[in-house]
Amino acid sequence: MTDYRRYFVPGGTFFFTVVTRNRVPLFQEPLARQILGSVLRECQEKWPFEINAMVLLSEHLPAIRLLPSGDAAYPHLSPDRVRSGLVNPLRAATGIAVGVTLWRNEPCCMSSGQ
């Protein structure tokens, strides 16, 4: 297995993407988009960050986020926060079985360094 490393930069700009498993067009459903918006707003309330750019496509969400100056707390930018916040509400709303994996599992983050 490849050993990925994350570059921690206080106040850095980070690119990440969340991709659905097998590229299922999950985000073309209005309810999924509403839940995603709620999860992103919750994350921003708990951990301040700016979204510099974001494009919502039917099966993935690429985004560029900026940490507050001096903040190197990468975990609150993690795509895992978005994915985990979406799972239970999506399962409840759509009836997706608990054993079904919703997300593609691979590293997807990079930092610009500033």
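The values are calculated or read from the model by the stated rules, or taken from the named source; none is laboratory data. Because the structure is predicted, anything quoted here is derived from the model rather than measured. When we count neighbours, we look across all protein chains shown, and the Cβ atoms used for this are built from the backbone with ideal geometry, even at glycine.
Annotations
- Residue in region 39-47 that is within 13 Å of L90 (Cβ to Cβ) and touching a residue at least 40 places away in the same chain (Cβ under 8 Å) present: yes
- T2 being at negative phi, at pLDDT below 85, in a loop (DSSP other than H, G, I, E, B) and among the hydroxyl-bearing types (S, T, Y): yes
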